[in-house]
Amino acid sequence: MILEGKRIILGVTGSIAAYKAADLASKLTQAGAEVHVILTPAAQQFITPLTFHSITHQPVVTGWWQPENGGAIQHVALAETADAVVIAPATADAVAKLAHGLADDPLGGTVLATRAPVLIAPAMDAHMYENPATQANVRLLESRGVRFVGPEAGRLASGLTGLGRLSAAETILGALRQMLGRGGDYEGKTVVVSAGPTEEPIDPARHITNRSSGKMGFALAEAARDRGARVVLVTGPVALASLYGVAVVRIRTALELQAALAKAMAGSDILIMSAAPADFRPAAVSAQKIKKGPEDAMSLDLIKNPDILAGLSGDFIKVGFAAESQELVQNAGIKLRDKGLDLIVANDITAPDSGFGVDTNRVLLIDREGTVEALPLLTKAEVANRILDRLVRFSHR
Ligand code: CTP
(Lines give C-alpha, C1' and ligand atoms only; values in the text may rest on other atoms or scores of the structure.)
Protein backbone atom coordinates (compact mmCIF):
# COMPACT_ATOMS: atom_id res chain seq x y z
CA MET A 1 0.00 0.00 0.00
CA ILE A 2 2.92 2.28 0.68
CA LEU A 3 3.79 2.28 -3.04
CA GLU A 4 0.26 3.25 -4.12
CA GLY A 5 0.37 6.51 -6.07
CA LYS A 6 4.10 7.02 -5.43
CA ARG A 7 6.26 8.44 -8.20
CA ILE A 8 9.35 6.24 -8.47
CA ILE A 9 12.29 6.88 -10.76
CA LEU A 10 13.92 3.62 -11.79
CA GLY A 11 17.44 4.08 -13.13
CA VAL A 12 18.78 1.15 -15.13
CA THR A 13 22.48 0.97 -15.99
CA GLY A 14 24.58 -1.21 -18.28
CA SER A 15 24.79 -4.56 -16.52
CA ILE A 16 23.67 -7.93 -17.84
CA ALA A 17 21.25 -7.88 -14.88
CA ALA A 18 19.38 -5.05 -16.68
CA TYR A 19 16.77 -7.57 -17.86
CA LYS A 20 15.81 -8.15 -14.22
CA ALA A 21 14.89 -4.46 -13.95
CA ALA A 22 11.89 -5.19 -16.20
CA ASP A 23 10.50 -7.50 -13.51
CA LEU A 24 11.14 -4.84 -10.86
CA ALA A 25 9.38 -2.20 -13.01
CA SER A 26 6.45 -4.57 -13.38
CA LYS A 27 6.20 -5.30 -9.64
CA LEU A 28 6.40 -1.58 -8.84
CA THR A 29 3.68 -0.81 -11.37
CA GLN A 30 1.48 -3.61 -10.01
CA ALA A 31 1.94 -2.18 -6.50
CA GLY A 32 0.35 1.05 -7.75
CA ALA A 33 3.49 3.16 -8.26
CA GLU A 34 3.99 5.53 -11.18
CA VAL A 35 7.30 4.33 -12.57
CA HIS A 36 9.56 6.56 -14.64
CA VAL A 37 12.47 4.64 -16.13
CA ILE A 38 15.76 6.24 -17.05
CA LEU A 39 18.08 4.08 -19.16
CA THR A 40 21.75 4.95 -19.46
CA PRO A 41 23.28 4.57 -22.94
CA ALA A 42 25.02 1.36 -21.79
CA ALA A 43 21.74 -0.06 -20.43
CA GLN A 44 20.21 0.36 -23.89
CA GLN A 45 22.75 -2.16 -25.19
CA PHE A 46 21.11 -4.76 -22.95
CA ILE A 47 17.41 -3.83 -22.94
CA THR A 48 15.15 -1.54 -24.94
CA PRO A 49 13.03 1.44 -23.88
CA LEU A 50 10.03 -0.32 -25.43
CA THR A 51 10.20 -3.04 -22.76
CA PHE A 52 9.87 -0.50 -19.96
CA HIS A 53 7.35 1.68 -21.75
CA SER A 54 5.13 -1.36 -22.27
CA ILE A 55 5.31 -2.22 -18.57
CA THR A 56 5.07 1.25 -17.02
CA HIS A 57 2.98 3.11 -19.65
CA GLN A 58 5.23 6.10 -19.02
CA PRO A 59 7.77 7.73 -21.33
CA VAL A 60 11.23 6.22 -20.91
CA VAL A 61 14.18 8.61 -20.67
CA THR A 62 17.12 7.54 -22.84
CA GLY A 63 19.19 10.71 -23.23
CA TRP A 64 19.48 14.36 -22.35
CA TRP A 65 18.27 15.53 -25.72
CA GLN A 66 14.87 13.94 -26.26
CA PRO A 67 12.67 16.80 -27.48
CA GLU A 68 9.53 14.64 -27.25
CA ASN A 69 10.09 14.29 -23.49
CA GLY A 70 10.81 17.97 -22.92
CA GLY A 71 14.62 17.58 -22.90
CA ALA A 72 16.78 18.34 -19.88
CA ILE A 73 14.20 20.58 -18.16
CA GLN A 74 11.74 17.70 -18.00
CA HIS A 75 14.25 15.43 -16.27
CA VAL A 76 14.89 17.98 -13.56
CA ALA A 77 11.14 18.36 -13.10
CA LEU A 78 10.89 14.58 -12.68
CA ALA A 79 13.69 14.66 -10.09
CA GLU A 80 11.84 17.30 -8.10
CA THR A 81 8.52 15.47 -7.97
CA ALA A 82 9.84 11.95 -7.34
CA ASP A 83 9.12 10.13 -4.07
CA ALA A 84 12.16 7.89 -4.46
CA VAL A 85 14.92 6.99 -6.90
CA VAL A 86 15.95 3.35 -7.31
CA ILE A 87 18.96 2.39 -9.37
CA ALA A 88 18.84 -1.29 -10.24
CA PRO A 89 21.13 -2.66 -11.48
CA ALA A 90 23.90 -0.19 -10.71
CA THR A 91 27.27 -0.94 -12.29
CA ALA A 92 30.62 -0.06 -10.74
CA ASP A 93 30.81 2.79 -13.27
CA ALA A 94 27.38 4.12 -12.24
CA VAL A 95 28.28 3.96 -8.53
CA ALA A 96 31.52 5.85 -9.25
CA LYS A 97 29.74 8.52 -11.29
CA LEU A 98 27.05 9.00 -8.67
CA ALA A 99 29.62 9.21 -5.88
CA HIS A 100 31.36 12.03 -7.71
CA GLY A 101 28.30 13.90 -8.90
CA LEU A 102 28.75 13.38 -12.64
CA ALA A 103 25.77 14.45 -14.74
CA ASP A 104 26.74 13.47 -18.25
CA ASP A 105 23.57 11.37 -18.60
CA PRO A 106 20.01 11.95 -17.34
CA LEU A 107 20.39 9.48 -14.47
CA GLY A 108 23.37 11.34 -12.99
CA GLY A 109 21.56 14.65 -13.48
CA THR A 110 18.39 13.34 -11.86
CA VAL A 111 20.19 12.01 -8.79
CA LEU A 112 21.95 15.36 -8.39
CA ALA A 113 18.73 17.31 -8.76
CA THR A 114 16.49 15.21 -6.52
CA ARG A 115 15.77 15.59 -2.84
CA ALA A 116 14.04 12.20 -2.78
CA PRO A 117 15.72 9.26 -1.05
CA VAL A 118 17.97 7.17 -3.29
CA LEU A 119 18.35 3.38 -3.19
CA ILE A 120 21.10 1.64 -5.14
CA ALA A 121 21.13 -2.08 -5.99
CA PRO A 122 24.61 -2.85 -7.34
CA ALA A 123 25.37 -5.68 -9.79
CA MET A 124 28.87 -6.29 -11.03
CA ASP A 125 31.84 -8.62 -11.09
CA ALA A 126 32.87 -9.58 -7.54
CA HIS A 127 36.38 -8.18 -7.93
CA MET A 128 34.99 -4.89 -9.23
CA TYR A 129 32.72 -4.70 -6.20
CA GLU A 130 35.49 -5.55 -3.75
CA ASN A 131 37.92 -3.09 -5.34
CA PRO A 132 38.86 -0.35 -2.86
CA ALA A 133 37.75 2.28 -5.39
CA THR A 134 34.21 0.85 -5.52
CA GLN A 135 34.11 0.30 -1.78
CA ALA A 136 35.16 3.91 -1.16
CA ASN A 137 32.46 5.12 -3.57
CA VAL A 138 29.82 3.03 -1.78
CA ARG A 139 30.88 4.43 1.61
CA LEU A 140 30.90 7.99 0.27
CA LEU A 141 27.36 7.62 -1.02
CA GLU A 142 26.22 5.95 2.22
CA SER A 143 27.70 8.80 4.24
CA ARG A 144 25.42 11.13 2.26
CA GLY A 145 22.34 9.09 3.10
CA VAL A 146 22.13 6.97 -0.05
CA ARG A 147 20.97 3.44 0.77
CA PHE A 148 22.27 0.22 -0.72
CA VAL A 149 20.59 -3.15 -1.09
CA GLY A 150 22.87 -6.06 -1.99
CA PRO A 151 24.75 -7.18 -3.92
CA GLU A 152 24.20 -10.82 -3.06
CA ALA A 153 26.61 -13.70 -3.22
CA GLY A 154 26.04 -16.26 -5.95
CA ARG A 155 26.79 -17.22 -9.51
CA LEU A 156 27.82 -14.25 -11.64
CA ALA A 157 27.53 -13.79 -15.41
CA SER A 158 31.25 -14.51 -15.74
CA GLY A 159 30.62 -18.02 -14.46
CA LEU A 160 32.47 -17.26 -11.24
CA THR A 161 30.84 -17.25 -7.83
CA GLY A 162 31.10 -14.21 -5.61
CA LEU A 163 29.51 -11.07 -4.21
CA GLY A 164 27.99 -9.15 -7.10
CA ARG A 165 24.55 -10.50 -7.98
CA LEU A 166 21.65 -8.09 -8.17
CA SER A 167 19.29 -8.60 -5.23
CA ALA A 168 15.95 -10.23 -6.03
CA ALA A 169 13.14 -7.88 -7.09
CA GLU A 170 11.25 -8.70 -3.84
CA THR A 171 14.29 -7.72 -1.77
CA ILE A 172 14.73 -4.43 -3.64
CA LEU A 173 11.00 -3.74 -3.20
CA GLY A 174 11.30 -4.44 0.53
CA ALA A 175 14.26 -2.07 0.84
CA LEU A 176 12.38 0.59 -1.11
CA ARG A 177 9.27 0.23 1.04
CA GLN A 178 11.35 0.47 4.20
CA MET A 179 13.09 3.58 2.82
CA LEU A 180 9.75 5.22 1.97
CA GLY A 181 8.47 4.37 5.45
CA ARG A 182 11.19 6.34 7.20
CA GLY A 183 9.57 9.01 9.35
CA GLY A 184 6.27 7.08 9.35
CA ASP A 185 3.94 6.98 12.35
CA TYR A 186 5.81 3.99 13.85
CA GLU A 187 9.26 5.59 13.63
CA GLY A 188 11.18 4.98 16.85
CA LYS A 189 8.91 2.11 17.93
CA THR A 190 9.90 -1.51 18.25
CA VAL A 191 7.15 -3.92 17.29
CA VAL A 192 7.38 -7.63 18.01
CA VAL A 193 5.11 -9.86 15.94
CA SER A 194 4.67 -13.59 16.39
CA ALA A 195 3.49 -15.67 13.44
CA GLY A 196 2.69 -19.15 12.24
CA PRO A 197 2.06 -22.45 13.97
CA THR A 198 4.23 -24.35 16.39
CA GLU A 199 5.34 -27.96 15.99
CA GLU A 200 5.27 -30.16 19.06
CA PRO A 201 7.42 -33.24 18.45
CA ILE A 202 6.12 -36.74 19.13
CA ASP A 203 9.16 -38.63 17.86
CA PRO A 204 11.91 -37.93 15.27
CA ALA A 205 9.41 -38.36 12.40
CA ARG A 206 6.19 -36.81 13.70
CA HIS A 207 4.77 -33.76 15.34
CA ILE A 208 1.52 -32.02 16.26
CA THR A 209 0.84 -28.77 14.46
CA ASN A 210 -2.05 -26.66 13.15
CA ARG A 211 -3.13 -24.91 9.96
CA SER A 212 -1.73 -21.44 10.64
CA SER A 213 0.11 -20.21 7.52
CA GLY A 214 1.81 -17.20 9.15
CA LYS A 215 0.38 -14.86 6.47
CA MET A 216 -1.33 -12.51 8.93
CA GLY A 217 1.79 -12.17 11.07
CA PHE A 218 4.04 -11.58 8.08
CA ALA A 219 1.60 -8.94 6.76
CA LEU A 220 1.72 -7.21 10.17
CA ALA A 221 5.52 -7.27 10.27
CA GLU A 222 5.73 -5.87 6.74
CA ALA A 223 3.17 -3.13 7.43
CA ALA A 224 4.92 -2.06 10.66
CA ARG A 225 8.25 -1.93 8.81
CA ASP A 226 6.67 0.18 6.06
CA ARG A 227 5.49 2.65 8.72
CA GLY A 228 8.95 3.14 10.16
CA ALA A 229 9.02 0.58 12.99
CA ARG A 230 11.91 -1.63 13.97
CA VAL A 231 10.35 -5.06 13.68
CA VAL A 232 11.18 -8.42 15.25
CA LEU A 233 9.25 -11.33 13.75
CA VAL A 234 9.20 -14.52 15.81
CA THR A 235 7.87 -17.23 13.56
CA GLY A 236 7.08 -20.91 13.60
CA PRO A 237 7.71 -23.09 10.53
CA VAL A 238 6.03 -21.38 7.54
CA ALA A 239 6.41 -21.45 3.77
CA LEU A 240 6.80 -17.68 3.36
CA ALA A 241 9.74 -15.67 2.00
CA SER A 242 11.67 -13.72 4.61
CA LEU A 243 11.07 -9.98 4.79
CA TYR A 244 13.71 -7.38 4.04
CA GLY A 245 14.58 -5.22 7.01
CA VAL A 246 12.76 -7.39 9.56
CA ALA A 247 14.74 -9.28 12.20
CA VAL A 248 13.50 -12.87 12.12
CA VAL A 249 13.69 -15.36 14.98
CA ARG A 250 12.70 -18.88 13.97
CA ILE A 251 11.19 -21.20 16.55
CA ARG A 252 9.62 -24.63 16.44
CA THR A 253 7.79 -25.35 19.70
CA ALA A 254 5.54 -23.26 21.93
CA LEU A 255 8.18 -23.35 24.67
CA GLU A 256 10.75 -21.97 22.21
CA LEU A 257 8.25 -19.29 21.18
CA GLN A 258 7.76 -18.35 24.83
CA ALA A 259 11.51 -18.04 25.42
CA ALA A 260 12.09 -16.07 22.19
CA LEU A 261 9.30 -13.62 23.02
CA ALA A 262 10.48 -13.07 26.59
CA LYS A 263 13.84 -12.06 25.13
CA ALA A 264 12.42 -9.98 22.26
CA MET A 265 10.06 -7.97 24.48
CA ALA A 266 12.84 -6.34 26.52
CA GLY A 267 12.73 -2.68 25.47
CA SER A 268 9.96 -3.24 22.89
CA ASP A 269 6.82 -1.11 22.61
CA ILE A 270 4.23 -3.43 21.12
CA LEU A 271 3.57 -7.17 21.00
CA ILE A 272 1.22 -8.50 18.35
CA MET A 273 0.63 -12.17 19.00
CA SER A 274 -0.70 -13.64 15.78
CA ALA A 275 1.04 -16.99 16.18
CA ALA A 276 -1.04 -20.07 16.82
CA PRO A 277 0.89 -21.92 19.53
CA ALA A 278 -0.27 -25.46 20.19
CA ASP A 279 -2.19 -25.56 23.44
CA PHE A 280 -0.84 -29.04 24.25
CA ARG A 281 2.37 -30.96 23.61
CA PRO A 282 3.23 -34.66 23.96
CA ALA A 283 4.11 -35.38 27.56
CA ALA A 284 7.23 -37.24 26.44
CA VAL A 285 9.12 -37.06 23.17
CA SER A 286 10.25 -40.47 22.00
CA ALA A 287 13.91 -40.54 21.01
CA GLN A 288 13.14 -43.29 18.48
CA LYS A 289 10.40 -43.54 15.88
CA ILE A 290 7.35 -45.07 17.56
CA LYS A 291 6.54 -48.48 16.03
CA LYS A 292 3.00 -49.58 15.18
CA GLY A 293 2.75 -52.82 17.19
CA PRO A 294 -0.25 -55.21 17.07
CA GLU A 295 -2.79 -52.97 18.88
CA ASP A 296 -5.65 -51.36 16.93
CA ALA A 297 -5.53 -48.14 18.90
CA MET A 298 -2.96 -45.97 20.52
CA SER A 299 -3.17 -42.93 22.73
CA LEU A 300 -0.83 -40.07 23.21
CA ASP A 301 -0.41 -38.32 26.53
CA LEU A 302 -0.51 -34.55 26.16
CA ILE A 303 0.33 -31.84 28.65
CA LYS A 304 -0.69 -28.23 28.53
CA ASN A 305 1.61 -25.61 27.05
CA PRO A 306 1.80 -22.29 28.91
CA ASP A 307 -0.48 -19.48 27.77
CA ILE A 308 2.35 -17.38 26.37
CA LEU A 309 0.40 -14.18 25.85
CA ALA A 310 -1.19 -14.22 29.29
CA GLY A 311 2.22 -14.75 30.87
CA LEU A 312 3.92 -11.79 29.19
CA SER A 313 3.58 -8.43 30.81
CA GLY A 314 5.52 -5.22 30.92
CA ASP A 315 5.49 -1.68 29.66
CA PHE A 316 4.24 -2.55 26.21
CA ILE A 317 0.97 -2.68 24.31
CA LYS A 318 -0.35 -6.20 24.04
CA VAL A 319 -2.43 -7.40 21.11
CA GLY A 320 -3.87 -10.88 20.77
CA PHE A 321 -5.86 -12.79 18.22
CA ALA A 322 -8.88 -14.94 18.85
CA ALA A 323 -9.60 -17.79 16.50
CA GLU A 324 -13.19 -18.77 17.15
CA SER A 325 -15.73 -21.03 15.52
CA GLN A 326 -18.68 -19.78 17.62
CA GLU A 327 -19.79 -16.86 19.88
CA LEU A 328 -17.10 -14.62 18.38
CA VAL A 329 -17.58 -11.41 20.37
CA GLN A 330 -18.24 -13.11 23.67
CA ASN A 331 -15.30 -15.54 23.47
CA ALA A 332 -12.88 -12.89 22.18
CA GLY A 333 -13.97 -10.56 24.99
CA ILE A 334 -13.13 -13.23 27.56
CA LYS A 335 -9.65 -13.71 26.04
CA LEU A 336 -9.08 -9.95 26.00
CA ARG A 337 -9.80 -9.79 29.72
CA ASP A 338 -8.10 -13.01 30.81
CA LYS A 339 -4.89 -12.31 28.89
CA GLY A 340 -4.73 -8.62 29.92
CA LEU A 341 -4.83 -7.29 26.34
CA ASP A 342 -5.20 -3.79 24.94
CA LEU A 343 -6.74 -5.07 21.72
CA ILE A 344 -7.96 -8.38 20.38
CA VAL A 345 -8.43 -9.28 16.74
CA ALA A 346 -11.20 -11.82 16.48
CA ASN A 347 -11.89 -13.97 13.49
CA ASP A 348 -14.37 -16.63 12.64
CA ILE A 349 -12.24 -19.50 11.40
CA THR A 350 -15.22 -21.28 9.87
CA ALA A 351 -15.71 -18.57 7.18
CA PRO A 352 -14.07 -19.73 3.93
CA ASP A 353 -12.64 -16.31 3.00
CA SER A 354 -10.93 -15.59 6.32
CA GLY A 355 -8.56 -17.14 8.76
CA PHE A 356 -6.20 -19.99 7.95
CA GLY A 357 -4.16 -20.03 4.78
CA VAL A 358 -6.08 -17.49 2.67
CA ASP A 359 -4.92 -13.98 1.71
CA THR A 360 -8.02 -12.25 3.04
CA ASN A 361 -9.47 -11.83 6.48
CA ARG A 362 -12.69 -10.55 8.04
CA VAL A 363 -12.10 -9.56 11.64
CA LEU A 364 -13.53 -7.69 14.59
CA LEU A 365 -11.30 -5.39 16.61
CA ILE A 366 -12.26 -5.26 20.28
CA ASP A 367 -10.32 -2.91 22.52
CA ARG A 368 -9.86 -2.80 26.28
CA GLU A 369 -12.73 -0.28 26.60
CA GLY A 370 -15.04 -2.79 24.94
CA THR A 371 -15.42 -0.91 21.65
CA VAL A 372 -16.13 -3.35 18.84
CA GLU A 373 -15.17 -2.43 15.28
CA ALA A 374 -16.20 -4.82 12.53
CA LEU A 375 -13.92 -4.60 9.51
CA PRO A 376 -15.15 -5.70 6.09
CA LEU A 377 -13.46 -8.48 4.10
CA LEU A 378 -9.96 -7.12 3.43
CA THR A 379 -6.60 -8.42 2.32
CA LYS A 380 -4.34 -9.40 5.21
CA ALA A 381 -2.11 -6.42 4.31
CA GLU A 382 -5.11 -4.10 4.71
CA VAL A 383 -6.15 -5.75 7.98
CA ALA A 384 -2.57 -5.30 9.23
CA ASN A 385 -2.69 -1.58 8.49
CA ARG A 386 -6.10 -1.20 10.14
CA ILE A 387 -4.75 -2.88 13.29
CA LEU A 388 -1.74 -0.54 13.26
CA ASP A 389 -4.05 2.47 12.71
CA ARG A 390 -5.88 1.46 15.86
CA LEU A 391 -2.76 0.88 17.96
CA VAL A 392 -1.13 4.15 17.08
CA ARG A 393 -3.94 5.87 19.00
CA PHE A 394 -3.17 3.94 22.20
CA SER A 395 -0.93 5.67 24.65
CA HIS A 396 1.73 3.78 26.54
CA ARG A 397 0.61 2.20 29.76
N1 CTP B 1 -1.91 -17.95 22.72
C2 CTP B 1 -0.79 -17.99 23.51
N3 CTP B 1 -0.39 -19.17 24.07
C4 CTP B 1 -1.09 -20.30 23.90
C5 CTP B 1 -2.27 -20.27 23.09
C6 CTP B 1 -2.65 -19.08 22.52
O7 CTP B 1 -0.14 -16.96 23.69
N8 CTP B 1 -0.68 -21.41 24.45
C9 CTP B 1 -2.34 -16.67 22.13
C10 CTP B 1 -2.55 -16.68 20.63
O11 CTP B 1 -1.36 -16.30 19.95
C12 CTP B 1 -3.63 -15.64 20.44
C13 CTP B 1 -4.43 -15.73 21.71
O14 CTP B 1 -3.57 -16.34 22.68
O15 CTP B 1 -3.09 -14.33 20.33
C16 CTP B 1 -5.67 -16.52 21.57
O17 CTP B 1 -5.40 -17.76 20.97
P18 CTP B 1 -6.57 -18.78 20.62
O19 CTP B 1 -6.00 -20.01 19.98
O20 CTP B 1 -7.69 -18.07 19.94
O21 CTP B 1 -7.13 -19.12 22.05
P22 CTP B 1 -6.63 -19.96 23.27
O23 CTP B 1 -6.16 -19.02 24.32
O24 CTP B 1 -5.70 -21.03 22.86
O25 CTP B 1 -8.02 -20.56 23.77
P26 CTP B 1 -8.95 -21.69 23.08
O27 CTP B 1 -8.03 -22.55 22.25
O28 CTP B 1 -9.54 -22.39 24.24
O29 CTP B 1 -9.98 -20.96 22.25
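The values are calculated or read from the model by the stated rules, or taken from the named source; none is laboratory data. Since we're looking at a predicted model, the values are computed, not measured. Glycine also receives a Cβ, built like all others from the backbone with ideal geometry; neighbour counts cover every protein chain displayed. What goes into the accessible areas is simple: the full protein's heavy atoms, side chains included, and nothing from ligands, DNA or RNA. Shrake-Rupley method; radii C 1.70, N 1.55, O 1.52, S 1.80 Å.
Scan segment 297-333 for residues that are touching a residue at least 40 places away in the same chain (Cβ under 8 Å), of a type in the set (Gly, Ala, Ser) and within 12 Å of the ligand (Cβ to nearest atom) and the total you get is 3.
The number of residues in segment 341-361 being away from the ligand (no atom under 11 Å from the Cβ) and either in contact with a Phe, Trp or Tyr (Cβ under 9 Å, 6 or more places away or on another chain) or over 23 Å from residue 239 (Cβ atoms) (or both) comes to 3.
Of all the residues in segment 363-382, those that are in a loop (DSSP other than H, G, I, E, B) and either of a type in the set (Asp, Glu) or closer than 23 Å to residue 222 by Cα (or both) number 4. Total residues in segment 270-286 satisfying the condition of being open to solvent by 80 Å² or more (accessible area, probe 1.4 Å) and away from the ligand (no atom under 15 Å from the Cβ): the figure is 1. The residue that is nearest to residue 381 (Cα to Cα), counting only those in segment 222-249 that are touching a strand residue (DSSP E or B) at 6+ places or on another chain (Cβ under 6 Å) and open to solvent by 30 Å² or more (accessible area, probe 1.4 Å), is 242. Any idea how many residues of segment 346-362 are among the charged types (D, E, K, R) and not in a loop (DSSP other than H, G, I, E, B)? Residues in segment 346-362 being among the charged types (D, E, K, R) and not in a loop (DSSP other than H, G, I, E, B): 1 in total. Against the definition (over 25 Å from residue 322 (Cβ atoms) and surrounded by 14 or more Cβ atoms within 10 Å (Cβ to Cβ)), how does residue 267 come out, yes or no? Answer is no for this residue.
The residue that is farthest from residue 8 (Cα to Cα), among those in segment 30-49 that are of a type in the set (S, T, N, Q) and open to solvent by 40 Å² or more (accessible area, probe 1.4 Å), is 45. Please list, ordered by first then second residue, the pairs with beta carbon atoms under 8 Å, 6 or more apart or interchain, first in segment 134-162 and in the same structural domain as residue 83 (by TED's automatic domain parsing) and closer than 22 Å to residue 244 by Cβ, second among the hydroxyl-bearing types (Ser, Thr, Tyr) and in a strand (DSSP E or B). The qualifying pairs are 153/161; 154/161; 155/161.
Which of the following residues is β-branched (Val, Ile, Thr) and closer than 24 Å to residue 278 by Cβ: 317, 366, 344?
Working: 317 fails: closer than 24 Å to residue 278 by Cβ; 366 fails: closer than 24 Å to residue 278 by Cβ.
Of the residues listed, the single one that is β-branched (Val, Ile, Thr) and closer than 24 Å to residue 278 by Cβ is 344.
Kindly indicate whether any position in segment 208-216 is surrounded by 24 or more Cβ atoms within 10 Å (Cβ to Cβ), of a type in the set (A, V, I, L, M, F, W, C) and touching a Leu at 6+ places or on another chain (Cβ under 6 Å). The answer is no; no qualifying residue exists.
Scanning segment 86-97 for residues that are open to solvent by 20 Å² or more (accessible area, probe 1.4 Å) and either hydrophobic (A, V, I, L, M, F, W, C) or not in a helix (DSSP H, G or I) (or both) yields a total of 2.
The residues in segment 250-264 that are aliphatic (A, V, I, L, M), open to solvent by 70 Å² or more (accessible area, probe 1.4 Å) and touching a Ser or Thr at 6+ places or on another chain (Cβ under 8 Å) can be counted, and the count is 0.
Please tell me if residue 249 is within 22 Å of residue 358 (Cβ to Cβ) and assigned by TED's automatic domain parsing to the domain that holds residue 372.
So residue 249 does not fit the description; no.
At least 1 residues being open to solvent by 20 Å² or more (accessible area, probe 1.4 Å) and out of contact with any strand residue (DSSP E or B) (no Cβ under 9 Å at 6 or more places or on another chain) is the threshold, and among the helices (runs of 4 or more DSSP H) wholly inside segment 106-191 those reaching it are 106-113, 132-143, 169-180. Checking segment 369-381 against the condition returns no match, with no residue being assigned by TED's automatic domain parsing to the domain that holds residue 229, in contact (Cβ under 8 Å) with a residue 24 or more places away in the chain and acidic (Asp, Glu). Under the condition of being within 16 Å of the ligand (Cβ to nearest atom) and within 16 Å of residue 193 (Cβ to Cβ), the residues counted in segment 245-255 number 2.
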